[in-house]
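The values are calculated or read from the model by the stated rules, or taken from the named source; none is laboratory data. Source: prediction; values computed, not measured. Counting neighbours? That spans all protein chains shown, and the Cβs are built from the backbone with ideal geometry, glycine included. Just so you know, the surface numbers come from the protein's heavy atoms only, side chains and all, with ligands and any DNA or RNA stripped out. Shrake-Rupley method; radii C 1.70, N 1.55, O 1.52, S 1.80 Å.
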Amino acid sequence: MKADMFTQEELRNLPRKGTPQPADHTQHAFYGRDILSVDQFNREDLTYIFRVAEEMRAMVKRFGSVDLLQGKVLANLFYEPSTRTSASFMAAMQRLGGQVIPINNVQYSSVAKGESLPDTVRTLEQYADVIVLRHPEVGAAAVAARYARKPIINAGDGIGEHPTQALLDLFTIYDELGTIDGLKIAMVGDLKYGRTVHSLTKLLLLYRVEFYFVSPPILRMPETILQRVRATDQPYTETDNIHDIIREVDVLYVTRVQKERFEDLSEYEAVKDYYVVDTELMRQAKERMIVMHPFPRVGEISYAVDSDPRAAYFRQIENGMYIRMALLAAVLGKA
Ligand code: CP
């Protein structure tokens, strides 16, 4: 699907979709636009989305839900398993007063009869105002966006990108530590196949941070991402030893080794338990730092760490709903 992917320049200038609206200062730049990659965002966009997310959080705490997107419909189309992304988009739409068409089991849809992705999205857009898509192939969201007249939001395309996860991750860092510039950020685990760390690294390049990429040698950060880091002159260190960096970092972003991405399962077996963040390791970490994880976890953070106030991963999960509320409102012209 790579041939259909957009260049960085095209991503920054994606056309608006849907019925043209009169110019309105309340309409965000993302009104009617696909959300495909973090390359679409600049710092101003992020400041705006974070401010709306904070408003969404205040609104949820106070009222539970509002009718901002009443009459709007989201099609939630997932070709890969998901708990958080799928459920948080559904919750986001429902708390804004909209409706959801959930297609989480494509094996029970006409995809099982061989229906193509372009036909599936062109069908769903007859019923919905926006489509959230997760797909196992890199570039699938870009393909869908080329065909659909309604906005597509990329909820993860294979080992490619997971832009809404990167937004909620960055929002969580800002929310927890009050800044992004100047932080020392370690990404740990499966940096080769982990789309969340690819998207988050690219987004962090809009700020001034120091990176530590911590992985087994066979799961190093891809060279394409390292080239982007080098191009901005931001310092980075690669290591396979978490003990080398634990005392330094402000953010420890841990990821799962993704069994489903390995062709050779013996390679997975060799690295699956490479890192375990436990209370012993946390004793070496700074007093003011946070541990994050996109989840699901399968053993790389022990349950004993959950009660440590520095464990931010469940707050990170909650933030996902506020960020997705902000994005849906922005894309549908109601932010
Ligand atoms: N973080 C994340 O994408 O989780 P799910 O796979 O459960 O959606």
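Sort out which residues of the range 166-197 are open to solvent by less than 10 Å² (accessible area, probe 1.4 Å) and of a type outside the set (V, I, T), and write them in order of number.
Once the filter is applied, which keeps residues that are open to solvent by less than 10 Å² (accessible area, probe 1.4 Å) and of a type outside the set (V, I, T), the range 166-197 yields A166, L167, L168, D169, L170, F171, A186, M187, G189, D190, L191, G194.
Condition check ((1) within 22 Å of the chain's Cα centre (by Cα); (2) in contact (Cβ under 8 Å) with a residue 12 or more places away in the chain) across all residues:
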residue: E238; (1), (2): no, yes
residue: V249; (1), (2): yes, yes
residue: L252; (1), (2): yes, yes
residue: Y268; (1), (2): no, no
residue: K286; (1), (2): no, yes
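Of all residues being within 16 Å of the ligand (Cβ to nearest atom) and of a type in the set (S, T, N, Q) in the range 141-179, which is farthest from R315 (Cα to Cα)? Just the residue, please.
Taking the range 141-179 first, the residues within 16 Å of the ligand (Cβ to nearest atom) are 141, 153-173.
Then drop every residue that is not of a type in the set (S, T, N, Q), which leaves 154, 164-165, 172.
Details: N154: 22, T164: 16, Q165: 13, T172: 8 Å.
Of everything passing the filter in the range 141-179, N154 is farthest from R315 (Cα to Cα).
N154 versus (1) touching a Pro at 6+ places or on another chain (Cβ under 6 Å); (2) surrounded by 24 or more Cβ atoms within 10 Å (Cβ to Cβ); (3) free of Cβ contacts under 8 Å to residues at least 60 places away in the same chain: which is the lone unmet condition?
(3)
Only one of (1) surrounded by fewer than 24 Cβ atoms within 10 Å (Cβ to Cβ); (2) more than 16 Å from the ligand (Cβ to nearest atom) fails for V138. Which number is that?
The number of the failed condition is (2).
I'm trying to understand the selection: among the residues of the range 198-207, which are more than 12 Å from the chain's Cα centre (by Cα) and open to solvent by less than 10 Å² (accessible area, probe 1.4 Å)?
Taking the range 198-207 and keeping what is more than 12 Å from the chain's Cα centre (by Cα), we get 204-207.
Within the range 198-207, L204 is the sole residue that qualifies.
Kindly provide the set of residues from the range 62-88 that are away from the ligand (no atom under 12 Å from the Cβ) and not in a loop (DSSP other than H, G, I, E, B), ordered by number.
Correct list: R62, F63, V73, L74, A75, L77.
Counting just the residues of the range 89-116 that are crowded, with 21+ Cβ neighbours inside 10 Å and closer than 16 Å to P151 by Cβ, which one comes out nearest to the ligand (Cβ to nearest atom)?
F89
Checking the conditions here, which among P309, P294 is open to solvent by 70 Å² or more (accessible area, probe 1.4 Å), within 20 Å of D169 (Cα to Cα), assigned to a loop (DSSP other than H, G, I, E, B) and in the same structural domain as L200 (by TED's automatic domain parsing)?
Result: P309 is the single residue among P309, P294 that is open to solvent by 70 Å² or more (accessible area, probe 1.4 Å), within 20 Å of D169 (Cα to Cα), assigned to a loop (DSSP other than H, G, I, E, B) and in the same structural domain as L200 (by TED's automatic domain parsing).
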